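Notes follow the structure.
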Amino acid sequence: MLSVVRVHLPSEIPIVGCELTPYVLLRRPDKSVSTDDVPETAPLDGHFLRYKWYRVQSDKKVAVCSIHPSEQATLQCLGCVKAKIPLSKSYHCTTKCFSDAWQHHRVLHDRAASALNENGNEEEEVFGRFNSTGSGTINSGLSASASSASLTNGSATPLYPAAVTQRSGETWFEVGRSKTYTPTADDVGHVLKFECVVVDAETKLPVGHVNTILTSRVIPAPSPIPRRAIHVDGMGQLDGDGRMTSSATFTVLSYNILSEVYASNDLYNYCPSWALSWPYRRQNLLREIVGYRADIICLQEVQSDHYEEFFAPELDKHGYYGLYKRKTNEVYSGNTNTIDGCATFFRRDRFSHVKKYEVEFNKAAQSLTEATIPTTQKKTALNRLVKDNVALIVVLEAKVNNQPFDNPGKRQLLCVANTHVNVPQDLKDVKLWQVHTLLKGLEKIAASADIPMLVCGDFNSVPGSAPHALLAMGKVDPSHPDLAVDPLNILRPHSKLVHQLPLVSAYSSFARTVGLGYEPHKRRLDGGTNEPLFTNVTRDFIGTLDYIFYTADSLVVESLLELLDEESLRKDTALPSPEWSSDHIALLAEFRCCKNKSRR
């Protein structure tokens, strides 16, 4: 007979908006063991599995600390309440927790006050909403509001009865009847209970033992302080939802989202396991990405299964069309479904897809080896050059009311390159060769059609490195120390390490701004290179690896997503954290098309 061997939950802490999927191990009638579901619609040997979820509500109401979400809150900041800041951010577990967090917490109050003073009404941020003003008063007489008696969990009307039973001061509300359950705001502060039992298909009565699991208390999904769009050119104005009113502008997001296969507990053991789990991170990443409302999205480290099963369908709901290029698998030996790659999305109402180019650096390595490497060294050369990296190049046509941006009689095309140069730091020659190969390909596209270009991605190259110099300056100084590493002589002659694209790093625009209001943003730049101080923050490394480059003869930067300061991230040791679900930060730039000048 069908029986349940084991039931457990992969994540110990349930989070609002993150689906809970229990692991249910079954013993089938033939004695084999399986995790396959046996629903009522397809019973096995006259039996099926029935699932139920309950919210366990005790007489004692609790709220969750905004800093330590696994802890119960004992204090509330009244300034947040007055400022109408989301209540979940007002709770703290101890006075020390509140005082330690005050330096970062007060930013919420300052922004709320700034929004009221500058606009006289609520200000819509690029990611989140805050308004009014307040101070750091705390309220120790904390009580959470009562939860509603029933909930829909994805249905238009309540599906389940209210309280099903009461015992010893506890009330159990049935909230779900499927194997999975997604906690809602009503569940915050409460324990969830999962039941799984084998049922006779004929009598509909339970057979044998009822398997149950109790979760920890449900916590709200942590949300970071919003990042604002900072204008670096006065040609446009933000409208009510944070988008530029000029029809000739568009926004581009570049973000390495940290693939699940790379997000190991060993590597990121400072991040709570629940915050490192993919079910949580994918929802948090999606919430962040959608919140930026970019017209073009370039993502790196997107697993092929995650693209097909999650990002493509979810972003489709928000009006995006997606294109994907998986890394090749000559080096990778794991499951091909978990190989990562580059994904580029664009708003269907702003752009149409014209052409796609796929760059496989392994193929370029094969061609290079065949043409220049002696036969006796070919195997050694390929072992060094083949790293499975790719680039996805997409040509788009801009639409504004089905018309091009600037000239109703002329097509406005845009070329967007998205890449992840994932090469070990000691292989400086390979990294530079891959960047040079990509730029040569883009030059060919530029020669066939004189169109604006964007080059986005994680180049794993810090400012001042040879790959960065090639991108930003169009050449590499022959005396650059990176050129000393070239055992295959693939970088010689050094005079070939040039390109003719007028590329400029978008974030260097902060350095050209004037005024006191820009000083906080300029302090987050490296004075020597005018690049961000960091885009990647782990416990062992902090630096800039990610860039958005643009052709300065055809595009102008209008605004940039503000950079983060290191101190605010170090409160969680490093990235990823409960608030930010990648070890990289997102970069976003707003561009305006301008008339092409002659290219160098």
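The values are calculated or read from the model by the stated rules, or taken from the named source; none is laboratory data. None of these values were measured; they are calculated from a predicted model. As a convention, Cβ positions derive from the backbone with ideal geometry for all residues, glycine included, and neighbour counts pool all protein chains shown. Accessible surface areas use protein heavy atoms only, side chains included; no ligands, DNA or RNA. Shrake-Rupley method; radii C 1.70, N 1.55, O 1.52, S 1.80 Å.
Tell me which residues, restricted to region 171-196, are open to solvent by less than 10 Å² (accessible area, probe 1.4 Å) and aliphatic (A, V, I, L, M). The answer is VAL175, LEU192.
Applying the criterion of at least 1 residues that are under 23 Å from PHE194 (Cβ atoms) to the strands (runs of 3 or more DSSP E) found wholly in region 1-111 leaves 3-8, 23-27, 47-58. Remark: pairs (first residue in region 515-540, on the phi > 0 side of the Ramachandran plot; second residue modelled with pLDDT of 95 or more; Cβ separation under 7 Å; 6+ apart in sequence or on different chains) = ASN530/SER508. Residue pairs whose Cβ atoms lie under 9 Å apart, sitting 6 or more positions apart in sequence or on different chains, and linking a residue in region 103-126 that is over 22 Å from SER568 (Cα atoms) to a partner that is at pLDDT below 65 and β-branched (Val, Ile, Thr), are LEU116/THR133; ASN117/THR133.
I'm checking my understanding of the structure. Among residues of region 197-210 that are open to solvent by 30 Å² or more (accessible area, probe 1.4 Å) and either within 38 Å of the chain's Cα centre (by Cα) or free of Cβ contacts under 8 Å to residues at least 60 places away in the same chain (or both), which one is nearest to VAL4 (Cα to Cα)? That would be VAL210. Only one of the numbered conditions (1) exposed (fewer than 14 other Cβ atoms within 10 Å of the Cβ); (2) within 30 Å of GLU71 (Cα to Cα); (3) modelled with pLDDT under 90 is not met by SER223, and that is (1).
Table: residues versus (1) more than 18 Å from THR203 (Cβ to Cβ); (2) of a type in the set (Phe, Trp, Tyr); (3) touching a residue at least 12 places away in the same chain (Cβ under 8 Å).
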| residue | (1), (2), (3) |
| --- | --- |
| MET1 | no, no, yes |
| ILE13 | yes, no, yes |
| THR21 | yes, no, yes |
| ASP30 | yes, no, no |
| ASP36 | yes, no, no |
| PRO39 | no, no, no |
| GLY46 | no, no, yes |
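List every residue pair whose Cβ atoms sit under 7 Å apart, with the two residues 6 or more apart in sequence or on different chains, where the first one lies in region 424-435 and is closer than 18 Å to THR380 by Cβ and the second, anywhere, is open to solvent by 60 Å² or more (accessible area, probe 1.4 Å). Hits for this filter: zero, empty list.
Residues that are open to solvent by less than 10 Å² (accessible area, probe 1.4 Å) and not charged (D, E, K, R) within region 293-309 comprise ALA294, ILE296, ILE297, CYS298, LEU299, GLN300, VAL302, GLN303, listed in sequence order. Of everything in region 461-520 that is at pLDDT below 95 and of a type in the set (D, E, K, R), the residue that is farthest from LEU555 (Cα to Cα) is ARG492. With the structure loaded, tell me whether ASP458 is among the charged types (D, E, K, R), in contact with a helix residue (DSSP H, G or I) (Cβ under 7 Å, 6 or more places away or on another chain) and at pLDDT 95 or above or whether it fails that test. No, not satisfied. Cβ-Cβ contacts under 6 Å between residues 6 or more apart (or on different chains), taken from a first residue in region 460-471 that is in contact (Cβ under 8 Å) with a residue 40 or more places away in the chain to a second residue that is in a helix (DSSP H, G or I), are listed as SER461/PRO467; SER461/HIS468; PRO467/LYS431; PRO467/LEU432; PRO467/VAL435. Applying the criterion of being in a loop (DSSP other than H, G, I, E, B) and open to solvent by 20 Å² or more (accessible area, probe 1.4 Å) to the residues of region 503-528, the residue that is nearest to LEU588 (Cα to Cα) is ARG524. Filtering region 536-566 down to residues that are in contact with a helix residue (DSSP H, G or I) (Cβ under 9 Å, 6 or more places away or on another chain) and assigned to a loop (DSSP other than H, G, I, E, B), which residue is farthest from ILE230 (Cα to Cα)? Restricting to residues being in contact with a helix residue (DSSP H, G or I) (Cβ under 9 Å, 6 or more places away or on another chain) and assigned to a loop (DSSP other than H, G, I, E, B), the top hit is THR544. Which ones in region 436-464 are closer than 23 Å to ASN383 by Cβ and of a type in the set (Ser, Thr, Tyr)? Those that are closer than 23 Å to ASN383 by Cβ and of a type in the set (Ser, Thr, Tyr): THR437, SER461.
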